[in-house]
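Notes to accompany the following structure.
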Amino acid sequence: MQLISSNKGELPHYMGVPSILILLLQFLSFFTFFMFVPTISTHFNQTVGFSVGFVGLILAIRIISQQGMMILGGFLADRIGFKRTALSGFIMRGIGFASFGLTTQPMLIIVAAILTGLGGALFSPALKANLTALTPRERHKEVFSLMNIVENTGTVLGPLAGLYFNEKSFMILSVLAGVLFVVISIVVFFLPHTTIPRKSSSWIQESTEIVKNKQFMLLTVSLIPFHFVYQQLYLTIPIVADKVSGSSGWIFSYVTVIVILFQWPLLLYTKKRRIEYLFTISYFVLLAMLLPNAIESQLWTLVLTLTGIAIGAMIFLPVFQSYVAKIAPKESLGAYFGFSNMAMALGGSLGNLAGGLLYDFFVETHSTDKFWLALSLFILLPIVLLLKVQSYQPKHGN
């Protein structure tokens, strides 16, 4: 398996122009997102004067509008087409991003947050389903690993571009991000029209069929603890990083660089192994790298934890997306990808709410070491589910 073909350095035959365009769309969307979004909380809190609670509400509404509505976005993609759904999503996010810088009215800002989230809920499952339809089944794990690298590259470069804008130029950055998303939508026009099998079932019937797939549901639920822990990169880990290193700006760069460097080599390890085995091993690795913080939080223990999260991101995400692409019927690709995102919606929401409450509780009781112990115990739970998954053998293999 090679990323580059041995024939004069050409891309492998399964990576046609449409597949490359989808990866380009993913890079540009992540780049633009992370160029702009990190400035939202600072602007509305310090410049406009909104409370931290209101800013948190804005960010929560965006997450819920995106992650929670991806099921509907997937259903829509299966019915009106991947291309139309993605195009609508990019334009909607562009309008939402531009609106942030054009108003300071609370209700209008909430509307902008909803538009931003709904845009992602439309284009994300549509692009993944489209990439799946364009790629041979035996290459799904490779292209989703490559997508993970591309997305993380955008995550690293986006904030660097955002540094060129100061607090007073938020409106310019906001409008620029909005315009870029509209420009990104132009790339969608070059994607081919993918033929979608005609749907004979209703949304409710299709949802019922998805829920009946016990292996898929158990694997989706098993990912919730990972997203819970991953969300600490935004919430509690920056606080710990400030205490042990004096800065938190480096943590995302470290995680994303690890993913970019080691995603492809790690794919060689995961290629022929079953999904429940990979998930179980990943949780044990994450557990081993979290526990040292329960003894004493130091720089090296934090780096160990960040490495564990990066390893989890390199295995859980592309392996699960490859699995979804393999087991989903062609006429329900969007629906399955949208439904699979419920793990991120639930895990991310719980990570923000319960994670913050837990950390505050242990800080007040002067036992922050127990916070890491609680996280470690939480990620033991999915291992029980993963053992149960083995009793539901997939019809299409791993």
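The values are calculated or read from the model by the stated rules, or taken from the named source; none is laboratory data. All of these numbers come straight from a predicted model, not from anything done at the bench. For neighbour counting, all protein chains shown are included, and Cβ atoms are generated from backbone atoms with ideal geometry for every residue, glycine included. The area values use the complete protein model at the heavy-atom level, side chains included, leaving out ligands, DNA and RNA. Shrake-Rupley method; radii C 1.70, N 1.55, O 1.52, S 1.80 Å.
The figures follow:
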item: Scope region 312-333; condition open to solvent by 40 Å² or more (accessible area, probe 1.4 Å) and either within 24 Å of Ser248 (Cβ to Cβ) or in a helix (DSSP H, G or I) (or both); matching residues; result: Leu317, Lys330, Glu331
item: Matching residues, region 269-283, being in a helix (DSSP H, G or I) and without any contact (Cβ under 8 Å) to a residue 60 or more places away in the chain; result: Tyr269, Tyr277, Leu278, Ile281, Ser282
item: Filter result (part of a loop (DSSP other than H, G, I, E, B) and either among the basic types (Lys, Arg) or loosely packed, with under 14 Cβ neighbours inside 10 Å (or both)) within region 348-389; result: Thr365, His366, Ser367, Leu380
item: Residue match in region 230-243 (condition: of a type in the set (Asp, Glu) and under 27 Å from Leu134 (Cβ atoms)); result: no
item: Filtered residue count, region 179-206, keeping only those that are within 26 Å of Arg93 (Cα to Cα) and at pLDDT 70 or above; result: 16
item: Residue count, region 164-175 (criterion: surrounded by fewer than 19 Cβ atoms within 10 Å (Cβ to Cβ) and part of a helix (DSSP H, G or I)); result: 6
item: Among the candidates Leu302, Leu286, Leu235, Leu266, residue that is assigned to a helix (DSSP H, G or I) and under 27 Å from Thr39 (Cα atoms); result: Leu302
item: Counted residues, region 207-217 - those being open to solvent by 30 Å² or more (accessible area, probe 1.4 Å) and modelled with pLDDT of 85 or more; result: 6
item: Residue ranges of helices (runs of 4 or more DSSP H) in region 1-108 with at least 2 members at pLDDT below 85, at negative phi and loosely packed, with under 14 Cβ neighbours inside 10 Å; result: 52-67
item: Test: residue in region 156-163 that is closer than 25 Å to Ser340 by Cβ and open to solvent by less than 20 Å² (accessible area, probe 1.4 Å); result: yes
item: Selection status of Ile281, open to solvent by 30 Å² or more (accessible area, probe 1.4 Å) and β-branched (Val, Ile, Thr); result: yes
item: Some residue of region 213-225 being in contact (Cβ under 8 Å) with a residue 60 or more places away in the chain and in a loop (DSSP other than H, G, I, E, B); result: yes
item: Single residue of Phe189, Phe170 found to be touching a helix residue (DSSP H, G or I) at 6+ places or on another chain (Cβ under 9 Å), among the hydrophobic types (A, V, I, L, M, F, W, C) and under 19 Å from Leu21 (Cα atoms); result: Phe189
item: For Val188: the one exception among (1) surrounded by 21 or more Cβ atoms within 10 Å (Cβ to Cβ); (2) closer than 30 Å to Leu377 by Cβ; result: (2)
item: Residue check for Thr153: closer than 21 Å to Ile20 by Cα, open to solvent by 20 Å² or more (accessible area, probe 1.4 Å), among the polar types (S, T, N, Q) and assigned to a helix (DSSP H, G or I); result: yes
item: Residue match in region 170-191 (condition: more than 30 Å from Thr368 (Cα to Cα) and touching a Pro at 6+ places or on another chain (Cβ under 6 Å)); result: yes
